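Reviewing the structure listed below.
Each value in this text was obtained by applying a stated rule to the coordinates, not by laboratory testing. Remember, predicted model here, so these are calculated numbers, not experimental data. FYI the Cβ positions are ideal-geometry reconstructions off the backbone, even for glycines, and counts take in every protein chain you see.
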């Protein structure tokens, strides 16, 4: 009898010990709550530009609404390639994200003979954030009041009309290539190291017109020092509601926009991608964010899924790649 009792007690103790071990192992195997430390958001351009504005706005609002700590890190260089390469090489643990945009995701792969990363394989689309059209502008006292005026003048002039843009290989540059091809006109392309110098030379009369993103000209158009002839998006820009699209101005289906969105290293757990997408979507629904985007000349990409963002990247990758190859543009 005593032996049986001792055996029963030993069995009970062993079972309790085994259960405790299994429970502890199960708990330790569960994924830790995310995030447990600051999240890094890499902006692959210098401070002060439109990508930096967008990245910092998203980081600020994510921190406010979720309680996360989201830290912006600027890693500029090689038209955005250096920063996004850092994102692609980062651990896929949900603690590194980046701002991808038209240039470094869709244009650069065709412009550069050697890319440090493959945007379609090494990065995961998380959330499309905003888009900005290019705006065709002239001096306020220019004789050109419509795109038709500009095209007629370009065809009549013995020398090519001079058009400014902010950097080789940008959306503005490729929009000019499309404009020449579809308008049957020859232009003298004048690249600048940024929008500021290009706009200054436009106002000084050194170039005939400028094609650049809405952020670079919106204030001066509204202030009366520049005149906007057209926007390059399929729909009119609310901030410039009286300015027609190029499609309305004789260039059917013309679409050349800069878009920006959040991306992550390939292999980032889908659950973390979905969580970040959900939080960014909440940011884009905030009235104060919508107002800031509108004032800047951007359109918030509300209601877009991660899958739709990925489809946009693939589509634009092909579209701009075709333009680059047809125009035979190479940067290295």
Value at 222 nm in deg cm²/dmol, rounded to 500, when DSSP H runs of n ≥ 4 in the chain each add -39,500 (n - 2.57): -14000 deg cm²/dmol
For the chain: relative contact order, % (alpha-carbon pairs under 8 angstrom, 6 or more apart): 25
Acute angle (nearest 10 degrees) that the helix 270-284 long axis makes with the longest principal axis of the chain, alpha-carbon atoms: 50
Shape call, the range 284-332: gyration tensor on alpha carbons, a/c limit 1.5: oblate
Which of 139, 193 has the fewest Cβ neighbours within 10 Å, and the rest in rising order: 193, 139
Relative exposure of 242, 52, 208, judged by other C-beta atoms within 10 Å (fewest first): 242, 52, 208
Folded to 0 to 90 degrees: helix 2-29 orientation relative to the chain principal axis, Cα: 10
Under the Debye formula (equal points on every Cα, no solvent term), log10 I(q)/I(0) of the range 136-240 at q = 0.16, 0.19 Å⁻¹: -0.64, -0.93
Cα gyration tensor category, rounded, prolate or oblate, for the range 59-197 with a/c compared to 1.5: prolate
Calculated FRET value between residue 314 and residue 278, using beta carbons and R₀ = 25 Å, to 0.05: 0.65
Centroid-to-centroid separation of the range 219-251 and the range 254-324 [C-alpha atoms, Å]: 23
Pairwise label distance in nanometres, residue 120 with residue 188, each label 7 Å out on the Cα-Cβ vector: 3.9
Gaussian network model of the chain, springs between alpha carbon atoms under 10 Å - residue of 151, 215, 136 with greatest fluctuation: 151
Residue with peak Gaussian network fluctuation, the chain [Cα springs, cutoff 10 Å], from 113, 228, 140: 113
Label zone at residue 112 (point 7 Å along Cα-to-Cβ), backbone N below 17 Å, the range 153-183: 167-171
0 to 90° range, to nearest 10: angle between helix 195-204 axis and the chain longest Cα axis: 10
Option label - semi-axes √(5λ) of the Cα gyration tensor in Å computed here, alternatives (1) 31, 25, 20; (2) 41, 23, 18; (3) 53, 20, 15: (3)
Packing-based exposure ordering (other Cβ within 10 Å, fewest first) of 192, 210: 192, 210
Normalised contact order of the range 46-133, rounded percent, pairs of Cα under 8 Å and 6 or more residues apart: 21
Value of relative contact order over the range 136-240, rounded to a whole percent, pairs C-alpha under 8 Å and six or more apart: 41
Modelled label reach - residue 36, point 7 Å along Cα→Cβ, the range 50-77 residues with backbone N closer than 20 Å: 67-71
